[in-house]
Amino acid sequence: MATITLTEENFESTVLAEGITIVDFWAEWCGPCKMFGPIFEKSSDAHPTIKFAKVDTEDQQGLAGALQIQSIPTIMVFRDGVMLFNQAGALPAHSLEEIITATEALDMDEVRAEIEALEKSNNE
């Protein structure tokens, strides 16, 4: 599956949609980004039901700033609108696969219940 280019205009609607979305924040000048790029593309081909998206931090500085991206590459994983993973640094292929497997295995009803309980305890 080809990767999606994300901008300020389509970021929210993409990551809030049902299913898994993996986002790679990158820049053309970034050596580690260039090393991770082929791993990300190969994984997108291997997982056609997952949305793989890229944010060019040079072109989308407002979006990168709003998401507090301080180092690239940064990988974020969303499922059903919930951010489940956020890490700076290029991942080896096996680590990306482990993250995908773990994300697919999650019971999102349990995740939402945990988030709700945490928010409730923080508001007390």
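Nothing in this text is a laboratory measurement; each read-out follows from the coordinates by a stated rule. On a predicted model such as this, the values are computed, not experimentally measured, just so you know. FYI the Cβ positions are ideal-geometry reconstructions off the backbone, even for glycines, and counts take in every protein chain you see.
Above 17 Å, the calculated P(r) of the range 4-123 contains 56 percent of its Cα-Cα pairs.
In the range 1-119, a dipole from Cβ-located charges (positive for Lys and Arg, negative for Asp and Glu) runs towards its positive end, and of THR7, SER43, ALA105 it is SER43 whose Cα lies farthest in that direction. For the range 77-84, 3J(HN,Hα) computed residue by residue from phi via the Karplus equation (6.51, -1.76, 1.60; θ = phi - 60°) reads 10, 10, 9, 6, x, 10, 6, 10 Hz, glycine and proline entered as x. With angles folded into 0 to 90 degrees, how steeply does helix 108-123 sit against the dominant principal axis of the chain? Use alpha carbons for both and round to 10. Taking the Cα atoms of the chain, the angle to 108-123 is about 70 degrees. Among THR14, THR57, THR101, the largest mean-square fluctuation in a Gaussian network model of the chain, built with springs joining Cα atoms closer than 10 Å, belongs to THR101. Shape class of the range 16-68 from the Cα gyration tensor (axes a ≥ b ≥ c, square roots of the eigenvalues): oblate, since a/c reaches 1.5 or more and a/b does not exceed b/c. Only lysine pairs 8 or more places apart, or on different chains, with alpha-carbon atoms under 27 angstrom apart are counted in the chain, and they number 5. If the chain linking ASN86 and GLU104 were pulled fully straight, counting 0.36 nm for each residue of separation and taking away their Cα-Cα distance, it would gain 4.9 nm. Counting only DSSP beta bridges with both residues in the range 4-123, the antiparallel share comes to about 60 percent.
Helix 31-46 and the longest principal axis of the C-alpha atoms of the chain enclose an angle of approximately 70°. Based on DSSP H segments of at least four residues, each scored -39500 (n - 2.57), the chain has a per-residue ellipticity at 222 nm of -13500 deg cm²/dmol. Mind checking which of LEU16, LEU106, LEU96 has the largest fluctuation in a GNM of the chain, springs on alpha carbons under 10 Å? Result for the chain, Cα springs under 10 Å: LEU106 fluctuates most.
With R₀ set to 30 Å, the beta-carbon distance separating THR14 from GLU124 gives a calculated FRET efficiency near 0.30.
Restricting to DSSP loop positions (anything but H, G, I, E, B) with no more than 10 other Cβ atoms inside 10 Å of their own Cβ, which GluC sites (Glu not before Pro) remain in the range 1-96?
Numbers: sites: GLU8, GLU9, GLU12, GLU18, GLU28, GLU41, GLU58; in loops: GLU8, GLU9, GLU18, GLU28, GLU58.
When the GluC sites (Glu not before Pro) of the range 1-96 are filtered for loop state and at most 10 Cβ neighbours within 10 Å, GLU9, GLU18, GLU28 remain.
In percent, rounded to a whole number, the relative contact order of the range 4-123 is 31, using alpha-carbon pairs under 8 Å and six or more apart.
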